[in-house]
1. Could you tell me which of the residues Gly40, Gly62, Gly30, Gly113 is at pLDDT 95 or above and at positive phi?
2. Could you grab me the full set of residues in segment 358-409 that are within 30 Å of Asp451 (Cα to Cα), aliphatic (A, V, I, L, M) and outside any strand (DSSP E or B)?
3. Return yes or no: is Pro469 modelled with pLDDT of 95 or more, more than 22 Å from Leu414 (Cα to Cα) and not basic (Lys, Arg)?
4. Could you look through segment 146-163, keep only residues that are touching a residue at least 24 places away in the same chain (Cβ under 8 Å) and not in a helix (DSSP H, G or I), and pick out the one that is surrounded by the fewest Cβ atoms within 10 Å (Cβ to Cβ)?
5. Val66 versus (1) out of contact with any Asp or Glu (no Cβ under 8 Å at 6 or more places or on another chain); (2) within 30 Å of Gly129 (Cα to Cα): which is the lone unmet condition?
6. Take Ala68 and tell me if it is under 18 Å from the mean Cα position of the chain (by Cα) and under 19 Å from Gly474 (Cα atoms).
7. Restricting attention to segment 138-158, does a residue exist that is under 28 Å from Glu209 (Cα atoms), at pLDDT below 95 and β-branched (Val, Ile, Thr)?
8. Please list, ordered by first then second residue, the pairs with beta carbon atoms under 6 Å, 6 or more apart or interchain, first in segment 418-434 and modelled with pLDDT under 95, second crowded, with 24+ Cβ neighbours inside 10 Å and not in a loop (DSSP other than H, G, I, E, B).
Amino acid sequence: MYEASVAITDGEIVGIGDYTEANEIIDVKGKYISPALIDGHVHIESAMVRPEDFASVLVPKGVTTVIADPHELANVAGAEAVEYMLSASTNLPLDVKMMVPSSVPAASFEENGAVLTSSDAERLFQDGGVYGLGEVMDFPAVLNGDEEMLKKIEFAKTYGATVDGHAAGLNEEALNAYRVAGIENDHEAVTAEEALARVQRGFYVLMREGTAARDVEALLPAVTSANARRFAFATDDKHLDDLIEEGSVDFNVRKAIKLGMDPLQAIQIGSLNAAECFELKRKGAIAPGKEATFLLLSELETFKVDAVYVNGQLVAERGKLVEPIRESTPVPEKLLDSMHLTSFTIEDLSLRLKNPAATPVIKAKLGSIVTEKLIERVEATEGEFQPGAGHLKLVVAERHHSTGHMGLGIVKGLAFSEGAIAATVAHDSHNIIACGADDKSLYHAINHVADIGGGMAVVKGDQVLASMPLKLGGLMSIEPVHTVKKQLNELQEALLKLGYNEKVDPFLTLAFLALPVIPSIKLTSKGLFDVTAFPLLHNEKRWCM
């Protein structure tokens, strides 16, 4: 940290020193100039707004570059979804480095909306616009030498692109194989020990702080003066309300500082380190030859962003954009027509148990995407599960191809006592997921989100207390930011009427209960799934237990 003038020409930093003459002089004496921040891994879809609206929220907070993996929308509509996201992310003050989704579907047995093949990946690389290969979630495909997966990784290498990792729960032997395959970073470490195991094998570790997964505090003890350059920040999945109220990677920086990290170290992790990780050679530092994309700060300890410059131009000041974002890119009709749910009856939600005294239960933890497998006694009447004593019914209904498949299970840890919640945001296949205390509420919640073209709902009996349409693939709203924020607030208020009083949003926790590549037990449209062993625990008619 030192005092100097910064000379800028045509969007590039051309000098640092004692400059006194220029065509334009901006006097910011007493402020700090910092590299702009980079989010090392994010799914724009998790903010539930289009890329243009996403940019309008992030840029004023000092985040000007994101490494974005559109595999959420790709799981709904394949390569066409990636092409839309590429188009919608151009000509913005936010530099969106779009990755080619590697694992669509996330696992071979999943029932998602589309498949993105190695041929699709090759074409996307050839067409240009994409930056690298998105998180390789299907780690068994890597470890088993699956031809399709290895082709995707090889295409990325051919085009000189980075390959992102997703090494959730992998042991040391698997990490070795994963690294040999060419995977360069990972955002799934949840303990300091896991982070160190990755750094020791040459991975960059992206310290994640999203809405459901908050790992920064647990990972910071792994960062030392010797290895700090191997760490960067990411958000992965963060809801719009949290982005507005907390921030994006700027929140990661503030949290690290609050937890005792030197402010300059935290800023470096959020800027230079991420730039080095993703080979963004012109980003991440205040130095000659670098892109003139930077922040002006009043003080380092609170990381208060006063102004944001992109390529030498002021784009945001005092938390607001200087000029509005351009008009939104038209959405392809296919992405606005993604709900194909087979009709069903309340009776179809009946969950028959083989042994109520020893039943598999998903233990969810608010603020985490990892679950625990429990074997517990649950309430049952003549062999039929009855929610109660903390046990709620969980449903995943296939909604892409009208298969009629419906997985039923039991979850513990979502603290509400009546009614139901439902959403079409259910990683990564994004079928309808619902959790409830009674079948009537579940039935109406599932049907309501289907009727509105996808979205989220809070329901009690046959009464819809609040809902938010997500017509773009069942994942994103086509409404402006202020409308989406209002709808999110209404959902949170409605949750109180179900007896839910926790501070953590249950919808994002709910969304990950269907993701069969995160330990340890999840529910898919085909039934309960043991992630560590990769078998379906139950596979019967209608996929019930």
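1. Gly62
2. Within segment 358-409, Ala364, Leu366, Ile369 qualify.
3. yes
4. Tyr159
5. With (1) out of contact with any Asp or Glu (no Cβ under 8 Å at 6 or more places or on another chain); (2) within 30 Å of Gly129 (Cα to Cα) applied to Val66, the lone miss is (1).
6. Criteria met by Ala68.
7. Checked against the condition, which is being under 28 Å from Glu209 (Cα atoms), at pLDDT below 95 and β-branched (Val, Ile, Thr), segment 138-158 yields at least one hit.
8. His427/Ala511; Asp428/Asn75
The values are calculated or read from the model by the stated rules, or taken from the named source; none is laboratory data. In this text the structure is predicted, and so the values were computed from the model without any measurement. Neighbour counts run over all protein chains shown; Cβ positions are idealised from the backbone, glycine included.
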